[in-house]
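Visitor: The structure's right below; bear with me while I get my questions together.
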Amino acid sequence: MGYGQIISFGGQYSQKADGQFVVNIAYPTYIRSNSLNLFMLSGMEYTTPGAGKLSGLHIKPIQLSTYFSDYLFYQAPVTCTLGVDAGFLADFRGNHKSTVVLSPNFYIDYKIFFLKAGYDMDVLHGKHQYYVRAGVGFTLGVMKNITIK
């Protein structure tokens with residue numbers, strides 16, 4: 001899969017928020033071949049403030065994902081993963097607290113376009129929200145096409 005960075009920009013829809021802008025940057029930290037087709041990214045994400053329950057700078061040292069099968073990852077034109085992100089959320093809004101967030105998610109991309117849906121869980125304060133993100137960037141799909149060919 002290579003050792004490049006993943007950078008993406010997009011919009012997010014979450015509970016009680018009409019729309020937010022999201023920027024994500026991640027770096028593959030564990031990509032060894034294994035029977036679970038599991039890999040790990042580390043990075044950060046910024047979600048603009050809004051009416052959503054959880055937004056701000058999210059430092060994500062652990063982003064575990066599986067791509068199900070070698071065929072689906074290496075030969076299919078789309079990339080699909082199932083994963084969970086974990087990290088610290090620095091919420092810059094005055095009336096909200098920074099916290100630790102777990103986020104199970106489903107990710108799909110085609111070349112530069114991506115869609116990610118998940119569920120953010122604030123483990124310290126009991127807040128939670130569903131989200132759907134869509135956007136463009138240097139995605140897993142772009143990276144696998146560069147490194148495979």
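The values are calculated or read from the model by the stated rules, or taken from the named source; none is laboratory data. Since the model is a prediction, treat every value here as computed from it, not as a measurement. Note that we place each Cβ from the backbone using ideal geometry, even for glycine, and neighbour counts take in every protein chain shown. Note: areas computed on protein heavy atoms with side chains; ligands, DNA, RNA excluded. Shrake-Rupley method; radii C 1.70, N 1.55, O 1.52, S 1.80 Å.
Visitor: Restricting attention to the range 69-79, which residues are touching a strand residue (DSSP E or B) at 6+ places or on another chain (Cβ under 7 Å) and either surrounded by fewer than 16 Cβ atoms within 10 Å (Cβ to Cβ) or outside any strand (DSSP E or B) (or both)?
Guide: Listed by number, the residues that qualify are LEU72, PHE73, PRO77, VAL78.
Visitor: Additional query: List the number of the failed condition for ILE112; all other conditions in (1) touching a residue at least 60 places away in the same chain (Cβ under 8 Å); (2) closer than 19 Å to PHE9 by Cα hold.
Guide: The single condition ILE112 does not satisfy is (1).
Visitor: Return the only residue of LEU124, LEU89 being over 17 Å from PRO28 (Cβ atoms), more than 12 Å from the chain's Cα centre (by Cα) and assigned to a strand (DSSP E or B).
Guide: Criteria check complete, one pass: LEU89.
Visitor: For the range 1-50, give me every one of the strands (runs of 3 or more DSSP E) that falls completely inside it and has 1 or more residues that are at pLDDT below 90 and either under 19 Å from VAL101 (Cβ atoms) or open to solvent by 80 Å² or more (accessible area, probe 1.4 Å) (or both). Working first, answer last.
Guide: Values: elements: 6-14, 17-30, 38-47.
Qualifying strands (runs of 3 or more DSSP E): 6-14, 17-30.
Visitor: Within the range 83-104, can one find any residue that is at pLDDT 95 or above and of a type in the set (S, T, N, Q)?
Guide: yes
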